[in-house]
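Read the structure below first, then the notes.
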Amino acid sequence: MVRTGDAREFSLDKQTIQELCGPASFMRGEAYLRAGQVVSVKKEPGESGYRAVVKGTNGNRYGVEIASHNSGEIAASCECSAYAPLAYCKHIAAVLLKLSDDAEGQESDEDEAITEKDAHLTKQVIFLYDRVLSRQAANSEPEEYEDDLMDATPLEVEYACKIMKSFSNKPMFAVSLKIGLSRMYIVQKIKDFLKNVDSGTSMSFAKHFSYDPSEHVFKEHDEQFIRLLIEAMRAEELYKDLFHSFSSYSYREERMLVIPPAIWEKIMPLLERVNISFEDKHAGIHRMELMDGKLPIAAQLNKAGSQGYQLEIEGLKHSTFMDNYGVAVVGGLLFKADPEQLKRITDLKKMFHYEKSTRLLITSDQIEPFIDRVVRGLKQFVNVEISPQIADRIVNPPLNARLYLEFEDDRLLARLEYVYGDIVITPLPQRAMKNARDDVILMRDLDRENRIMALIERASFKFNGKDVYLDQEDDLYDFLYGILPQLGDDVEVLATDSVKTVMRTVAYEPKARLDVDVGTNWLEVSFDMEGMEEQEIQHLLRNLVEKKKYYRLPSGQFLSLEQESFREINRLFDELDLKKPDMSGNRIQMPAVRGFQLMDQFGKRSSGIALGKTLRKLWDNLRNPDNLDFDIPSGLEPVLRDYQKYGFQWLKTLSHYRLGGILADDMGLGKTIQSIAYILSGKNSAEEEGVEPSPVLIVSPASLIYNWERECHKFAPELRTVVAAGDRQERSELMSDMKDADVWITSYPLLRRDIEWYEKQQFRTLFLDEAQAIKNHASLTSNAVRRLRAGQRFALTGTPIENSLDELWSIFDAIFPGLFSGKKSFSELSRDKVARIVRPFILRRLKSEVLKELPDKIESVQPSELTTEQKQLYLAYLEKLQSDIVKDLAEEGGFQRNRMKILAGLTRLRQLCCHPALFLEGYEGTSGKLEQLLEIIEECQGSSKRMLIFSQFTSMLGIIRQELESRELPYFYLDGSTPADQRLAMCDEFNGGAKDIFLISLKAGGTGLNLTGADTVVLFDLWWNPAVEQQAADRAHRIGQKKVVQVIKLVAQGTIEEKMLELQQRKKDLIDEVIQSGETALSTLSEDDIRELLEIKRG
């Protein structure tokens, strides 16, 4: 069938086609046409019609027919399923749009005369784009560029430069322009002109002249110069808010453009190659050129009266010094000069600003430093004349500096002399600071004098009006061993014998030995220095602890504790953070835990520090936990992977030395099974020794307690486990008789409630699962954990640090008291030192590190416990369902007749396991499985994991969405109502790194999606057919995935979901899907299966 519409021989415009097809089909038809989906259009021979083929998004091809009637109406039909007699589809819209475009293309306009104006405009447009291309090719193909511009006329350009003052009163160069052919025209607005040049557009100057880039060209060096002016203009626009000097002149004088110093550096080489003049207010206008050499400024040094001198400087006041440009302008001439010298002479000029002349009067006391400093400095770039009366008196003998040192009454006396020939100057003490001879002008070596005095002044010399001296021991050491060696060749030191004795370097080789007493668990550090008494060593060690730089020997000599031989000992003391109370003779004893931080720095050979055999063995075993080679329980030997065996050995090694630690493996690497192997090993060892071991206590989040029980039963069925859960009465009954338990499992909330009982028990080992639960040291949970008594303590967590280092301290304070001191001193430690201290006691492996050992997909089952209210509802509904099904099955053909009703009841049970609110209106309680999911999400967020969360029930996904939004966690959501194009867009965004959580319904996203950006898949509810679960996991585990994928199944403990899991294992392909309204019945679910799921026996 076809639908007809008005048209005139296919002369359809887009508006008419939109009216015929409707907005939605029209828009999609446009998209099809642009994408080239209209494969072919053929006119029917002898008929007013067309046949076309259009390719759909799924790859199928659809035939479209278009017919035109004499009345002007058209008829159209399509093979697609969306076509209806009263609605044109997108394929018809695409063909009509194609025909409309073709018809427009075939229309021929009448010949139209092209005027000269039109040709000129077109030429400008061509040049506009050709200019951009020419610029790109200018460097690589200059000849081709020149050929393109052969027909253009070269322009003449004249530049004028002058000095303008900025707002900060700094002199700056500014440039103006004239351009033209035979006649030159002033560029009135230089920035507008430069913008036109830059964009390749024309600009009118006068009636008979316009700049036209299609007809005019700049000469090579003018082109370079103007490009630099454009760069200067851009700099002005960029910085005009910060540097008003760049923008101010464009308003006051639009002909001028200020050139910033950075651009001036590039302009200087072009000054000789372009037509540029310089305007000076004193010398007028002349060609601009840069000169080298001394400035034409004259300075004359003469006598002034009988006692004084004068310096007269000519040409200073009418000169401009531009230190930011490195240019001086003198008499209209430009000179290149050193910016530092220019800055100095600029400051000199400022000093004469309010003076009538540039004459400087100098006293006789000032003449020597004046000649040495000022005259010598000026001579470097101006002409300086010294009158013969002065020059003949100048002498320049070498400096011989002498420092005299002697002891007097425990004081070190010092005297410093500067000797220039027969002239002696005594600055220390200040007896003679100047030249005593009036007949000569002494050129002193002031640089060397200042260098000497700067070092002397660093010493804490005192002056009593007569002597300069040091009388404090610390000051003596600093001067003799710190400052005096730095004087080097500048000073000749003349010391008395008593001073030489004290200055003599004393060489001792300190030796330290570290060892550990395993019996007492003490670290011992002993010291020895050959040739020194034990008591003397003790005093020296105290100085080291007190961070003193030296030790004063009985002979009066200083033993420097900063020398190389003491460096390692000092480093050792710093690491141990030793205090005076730690000292005992020449030995230091402290808890062994304080020595573990030394492993990295002193574990290898270290000069002056020897390690005892016991300590070397201890450190080696901690570095290589498999050294001791503890026997792995036989049942777990084939199950454990290599890295898990290493983790088991690490736990056993720490336990062997009575140490605690954190197993911080990445989520999914098997922290639980490594712990179970350790627990079982301890039980086996105790049985071999004939000892009844104390039980092991495992504390975990409430959602994981049954997972621990399940894993223990699975991997170590010989372990007797007790889950201390339920109400108070149930727990009390369990606690009254715990003698038969090997493993006691409880949750953090229940531990807090029952802590008075727990703190009285003695446990062999304590395991804290998800130990970030005690990261807050002040919390009730953390306090309860610290009250427990256990021989060994271990923490299990993939995120030992979530927000701050304080969390790590809190965990270690619970599992390894004494490793760190108080929280205050811990907070003062550097991160590097904290890392060294904890390194032996944290074992962390990432999936990427053990990837070769891991399967590319890890599947695990995590049981959860129903909440009390949830359990009551579940048991009540289960009892009613069992009763109803017993009656249904008792009927003749009861199972087949009531199959749909039975399966609907099973679905209700499953919904109760997920969340009772799925079919009970007004339910305000929570769900154990939901709480467990939120804990997994929190852990994944802390470990930078990215998640897919699947549920068959979209209403369950809605509840999860509310929880995520309340926690302000961003997520993607996809169900059956999500349009196909949005699905692909969301997948691309997720794989690109946007958001870390994707909620997906099974029906909508179980197949066809590529979500390799995820590395964790959570199956919130089980499906009857494991193949469906496999498809969901394969959204992440597919080609392109570079990470190990963790697949987690959440199973409600003691419910139909456990039975489903068992049934899955026995019948892998038993059932296709859970039945919901609108779905087909499950023909493969037998009556025996139903009875097993609901625990109904045959009558």
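Closer than 30 Å to E546 by Cβ, touching a residue at least 12 places away in the same chain (Cβ under 8 Å) and surrounded by 13 or more Cβ atoms within 10 Å (Cβ to Cβ): does that describe L476?
On the way: closer than 30 Å to E546 by Cβ: yes; touching a residue at least 12 places away in the same chain (Cβ under 8 Å): yes; surrounded by 13 or more Cβ atoms within 10 Å (Cβ to Cβ): yes.
In short, yes.
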> Within region 729-749, restricting attention to residues that are in a helix (DSSP H, G or I) and in contact (Cβ under 8 Å) with a residue 40 or more places away in the chain, which residue is farthest from the chain's Cα centre (by Cα)?
Replying inline: P749
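Restricted to region 551-572, and to residues that are among the hydrophobic types (A, V, I, L, M, F, W, C) and not in a strand (DSSP E or B), which residue is farthest from R587 (Cα to Cα)? Break it down stepwise before answering.
Just the residues of region 551-572 that are among the hydrophobic types (A, V, I, L, M, F, W, C), to begin with: 553, 558-559, 561, 566, 569, 572.
Retained after the next criterion (residues that are not in a strand (DSSP E or B)): 553, 561, 566, 569, 572.
Details: L553: 20, L561: 18, F566: 17, I569: 13, L572: 14 Å.
Ranking the candidates gives L553 first.
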> Quick check: is even one residue across region 313-335 modelled with pLDDT under 85 and over 60 Å from the mean Cα position of the chain (by Cα)?
Replying inline: no
>> Return the pair list, or none, for Cβ contacts closer than 6 Å from residues in region 521-537 that are in a helix (DSSP H, G or I) to residues that are not acidic (D, E), at least 6 apart or on different chains.
In response: E534/N586; I537/F527; I537/M529; I537/N586
> How many residues does region 684-723 contain that are within 16 Å of T765 (Cβ to Cβ) and of a type in the set (A, V, I, L, M, F, W, C)?
Replying inline: 11
> Considering region 863-903 alone, what residues qualify as being outside any helix (DSSP H, G or I), in contact (Cβ under 8 Å) with a residue 24 or more places away in the chain and among the charged types (D, E, K, R)?
Replying inline: E865
> With respect to the numbered conditions (1) in contact with a Pro (Cβ under 9 Å, 6 or more places away or on another chain); (2) without any contact (Cβ under 8 Å) to a residue 12 or more places away in the chain, which one is the sole condition not fulfilled by S927?
Replying inline: (2)
>> List pairs: first residue in region 975-1000 and farther than 14 Å from L948 by Cα and assigned by TED's automatic domain parsing to the domain that holds C940, second residue assigned to a helix (DSSP H, G or I) and of a type in the set (A, V, I, L, M, F, W, C) anywhere in the structure, Cβ distance under 6 angstrom, at least six positions apart or on different chains.
In response: G976/A1004
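Please work out if A454 is under 30 Å from D347 (Cα atoms) and within 58 Å of the chain's Cα centre (by Cα). Spell out the reasoning first.
Values: under 30 Å from D347 (Cα atoms): yes; within 58 Å of the chain's Cα centre (by Cα): yes.
So A454 passes the test.
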>> Test of understanding: among D445, D438, which residue is modelled with pLDDT under 85 and more than 30 Å from K336 (Cβ to Cβ)?
In response: D438
>> So A414 passes all but one of these: (1) among the aliphatic types (A, V, I, L, M); (2) more than 29 Å from I483 (Cα to Cα); (3) at pLDDT 85 or above; (4) in the same structural domain as E473 (by TED's automatic domain parsing). Which condition number does it fail?
In response: (2)
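Here is a yes/no grid of residues against (1) surrounded by fewer than 19 Cβ atoms within 10 Å (Cβ to Cβ); (2) under 35 Å from the mean Cα position of the chain (by Cα); (3) farther than 20 Å from I537 by Cβ; (4) modelled with pLDDT under 70:
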position: L572; (1), (2), (3), (4): no, yes, no, no
position: P581; (1), (2), (3), (4): yes, no, no, yes
position: Q589; (1), (2), (3), (4): yes, no, no, no
position: G603; (1), (2), (3), (4): yes, yes, yes, yes
position: L615; (1), (2), (3), (4): no, no, yes, no
position: L622; (1), (2), (3), (4): no, yes, yes, no
> Which residues, counting only those in region 784-799, are farther than 19 Å from Y678 by Cα and crowded, with 19+ Cβ neighbours inside 10 Å?
Replying inline: A784, V785, L788, T799
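Mind checking which strands (runs of 3 or more DSSP E) fall wholly inside region 936-1032 and carry at least 1 residues that are among the small types (G, A, S) and modelled with pLDDT of 80 or more? So that I can check it myself, show each step before the final result.
Details: elements: 947-951, 972-974, 997-1001, 1016-1019.
Of the strands (runs of 3 or more DSSP E) lying wholly inside region 936-1032, those with at least 1 residues that are among the small types (G, A, S) and modelled with pLDDT of 80 or more span 947-951, 997-1001.
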> Using beta carbons and a limit of 8 Å, which pairs, at least six apart or on different chains, have the first residue in region 624-649 and at positive phi and the second one modelled with pLDDT of 90 or more?
Replying inline: D629/Q649
> When G690 is evaluated against the numbered criteria (1) crowded, with 20+ Cβ neighbours inside 10 Å; (2) at positive phi; (3) of a type outside the set (V, I, T), which criterion, by number, is the only one it fails?
Replying inline: (1)
> How do the strands (runs of 3 or more DSSP E) wholly within region 146-231 filter down when requiring 2 or more residues that are in contact with an Asp or Glu (Cβ under 9 Å, 6 or more places away or on another chain), farther than 16 Å from I263 by Cβ and touching a residue at least 12 places away in the same chain (Cβ under 8 Å): which remain?
Replying inline: 153-165, 171-180
> If you go through region 217-232 one residue at a time, do you hit one that is surrounded by fewer than 16 Cβ atoms within 10 Å (Cβ to Cβ), modelled with pLDDT under 90, out of contact with any helix residue (DSSP H, G or I) (no Cβ under 7 Å at 6 or more places or on another chain) and of a type outside the set (S, T, Y)?
Replying inline: no
> Quick one: how many residues across region 483-501 are within 30 Å of I609 (Cβ to Cβ) and of a type in the set (V, I, T)?
Replying inline: 0
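Test of understanding: among S747, S810, S736, which residue is of a type outside the set (A, V, I, L, M) and within 14 Å of P701 (Cα to Cα)?
Going through S747, S810, S736 in turn, just one is of a type outside the set (A, V, I, L, M) and within 14 Å of P701 (Cα to Cα): S747.
Output the residue which, of all residues in region 1033-1066 that are over 27 Å from L1094 (Cα atoms) and aliphatic (A, V, I, L, M), is modelled with the highest pLDDT. Write out each step before concluding.
Narrowing region 1033-1066 to residues over 27 Å from L1094 (Cα atoms): 1033-1047.
Adding the requirement that they be aliphatic (A, V, I, L, M) leaves 1033, 1036, 1039, 1044-1045, 1047.
On the way: A1033: 77, A1036: 75, I1039: 51, V1044: 81, V1045: 86, V1047: 89.
Among those that are over 27 Å from L1094 (Cα atoms) and aliphatic (A, V, I, L, M), it is V1047.
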>> Checking the structure you have, find out if any residue of region 676-689 is in contact (Cβ under 8 Å) with a residue 60 or more places away in the chain, part of a loop (DSSP other than H, G, I, E, B), in the same structural domain as F763 (by TED's automatic domain parsing) and under 22 Å from Y748 (Cα atoms).
In response: no
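Could you identify the single residue in L934, L930, L873, L903 that is touching a Phe, Trp or Tyr at 6+ places or on another chain (Cβ under 9 Å) and surrounded by fewer than 21 Cβ atoms within 10 Å (Cβ to Cβ)? Lay out the reasoning, then the answer.
On the way: L934 fails: touching a Phe, Trp or Tyr at 6+ places or on another chain (Cβ under 9 Å); L930 fails: surrounded by fewer than 21 Cβ atoms within 10 Å (Cβ to Cβ); L903 fails: touching a Phe, Trp or Tyr at 6+ places or on another chain (Cβ under 9 Å).
So the residue among L934, L930, L873, L903 that is touching a Phe, Trp or Tyr at 6+ places or on another chain (Cβ under 9 Å) and surrounded by fewer than 21 Cβ atoms within 10 Å (Cβ to Cβ) is L873.
Out of Y325, Y354, report the one residue that is at negative phi and surrounded by 13 or more Cβ atoms within 10 Å (Cβ to Cβ). Spell out the reasoning first.
On the way: Y354 fails: surrounded by 13 or more Cβ atoms within 10 Å (Cβ to Cβ).
Of the residues listed, the single one that is at negative phi and surrounded by 13 or more Cβ atoms within 10 Å (Cβ to Cβ) is Y325.
Somewhere in region 262-282, is a residue at pLDDT below 85 and assigned by TED's automatic domain parsing to the domain that holds A235?
Taking region 262-282 as the starting set, the residues that turn out to be at pLDDT below 85 are 281-282.
Next, from what is left, pick out any that are assigned by TED's automatic domain parsing to the domain that holds A235: 281-282.
For region 262-282, residues at pLDDT below 85 and assigned by TED's automatic domain parsing to the domain that holds A235: present.
The values are calculated or read from the model by the stated rules, or taken from the named source; none is laboratory data. Since the model is a prediction, treat every value here as computed from it, not as a measurement. Note that we place each Cβ from the backbone using ideal geometry, even for glycine, and neighbour counts take in every protein chain shown.
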